[in-house]
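I have placed the structure first, in the form of structure tokens, so that the comments after it can refer back to it.
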Amino acid sequence: MNDIVIALYENDEWSFYNKKLTKIALEFVYNRKLYVVLPDHFFYFFQTDILAKRNTKKTVRAYTKTIFPEETGFIDYIPNPNGAIGYIVSEDIKNIKRPEILKNAVFITTPLLIQYANIKSSFVYTGKTVSAAFDGKKLACYIKGSYEDVKHRLGDIRKYKQADADMMHNIGDLISLIHERRHKAIRLSVEDKTTDFNLAKSAPVIAAAAIIVILIISGQIFRYEGTRKDLSSIENRIDLIYKKAFNGKKYRDPYGMLLYEAKQCEIQQGIKPMNLVYALSKAKKPDTKIKSIVYDKKRFKIKGDAANYDSMLGYLNALNKILHINAKVKSTKSRNGKLEFGLIYNAR
């Protein structure tokens, strides 16, 4: 910890402190590890219900675009067992003095998040420009307002501890977090480090891939016609089986009805397949589409797409209500004007 410098940015000015909280001059800052504390108003925080571990950044960005479709700032997240805490970086960061300090920083955070990492119980935080409340590590609200605004949002806040929003006071807490290696959980980014696609450098690879794809397609064309005829014959035979079994009556899910009549769906624990099929059909909305289902007695995974996040969430809530379960959002991704989503449920 000998080379750590805490860089504090407040009132449009930088000040620097060593691990003993002694103020140091700018010339002693360079070529040392910089832990930067920025005012809270450079970020907008919001709670999500996203628990996915893979491609979480893409999921949070897709989620954010459904809430703030006009937002152009950099979007990232902080891990949270109750759902990732997303944040949007303010454009004001681009105009900050000495931007090289941010570029050289090994760690960036805010007083709000330092309090979040230090206080285990629920707490209310009132800063100079923003106020927030965490309810058991879950972000209950984050507003540009006062303590009274937070109180109005939450009602009875007697269980909430008052958090210290003073930036200088939080330096000592940050030193403790660094020493205990708990600071990584509240690390913020201020720019997207995704590398740009270089078409010129990738041209030879693209050309080779195109040739391979053409050869593969050419081979598949010859096989397609025979496969199509086989598939058509199989579909006709299946239709005949359904017509015979139901005396010509049509059902939306004839296979599920066959299982029901054959009593092949009796399971002692978990969700019965017939119940799941019924719930999927009952909860479906015109602007949602289910693409695949993986089912195994006490768990299932569903993939599909929806018009937007609210539509997907409405489908999820309806599914949970019908089955009396608590399925979660596993992943979301915006593609071709639609929201691709994954839902997951594990019985405990």
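Read the figures in this text as sums done on the coordinates, not as results from a lab. Source: prediction; values computed, not measured. Quick reminder, even Gly has a Cβ in these numbers, built from the backbone with ideal geometry, and neighbours come from all protein chains shown.
General remarks:
- Multiplying the residue separation of D310 and E180 by 0.36 nm and removing their Cα-Cα distance gives an extension gain of 42.8 nm.
- Working ranking of peptides 143-149, 128-134 by packing, defined as the average number of other Cβ atoms within 10 Å per residue, highest first, is 128-134, 143-149.
- Peptides 22-30, 315-323, 58-66 ordered by average Cβ neighbours within 10 Å, highest first: 58-66, 315-323, 22-30
- Placing pseudo-labels 7 Å out from each Cα toward the beta carbon at K20 and T129 gives an inter-label distance of 3.4 nm.
- Distant-in-sequence amide contacts of C141, defined by a placed amide H-H separation under 5 Å and a gap of 5 or more residues or a different chain, comprise A133.
- Pairs beyond 31 Å (Cα-Cα), from K184/K289; K33/K128; K94/K291; K94/K289; K57/K272; K57/K97: K184/K289; K94/K291; K94/K289; K57/K272
- FRET efficiency, I238 to E191 (Cβ-Cβ, R0 56 Å, nearest 0.05): 0.50
- Packing-based ranking, highest mean first, of 33-41, 184-192 given that Cβ atoms within 10 Å are counted: 33-41, 184-192
- Take the Cα of D92, go 7 Å toward its beta carbon, and the backbone nitrogen atoms of segment 151-169 under 18 Å from that spot belong to 165-168.
- With Rh defined as the Kirkwood radius, the inverse of the mean 1/r over Cα pairs, the Rg/Rh of segment 263-346 is 0.97.
- P(r) tail fraction, segment 4-186 - alpha-carbon pairs more than 30 Å apart, %: 19
- When restricted to Cα atoms, segment 1-106 yields an Rg and a Dmax of 16.5, 46 Å, respectively.
- Cβ-derived FRET efficiency at R0 56 Å, N31 paired with H152, nearest 0.05: 0.70
- Taking 0.36 nm per residue of separation and subtracting the current Cα-Cα distance, fully stretching the chain between D12 and N326 would add 108.4 nm.
- Among residues other than G127 with Cβ under 13 Å from its Cβ, the summed charge is -3 (Lys and Arg +1, Asp and Glu -1).
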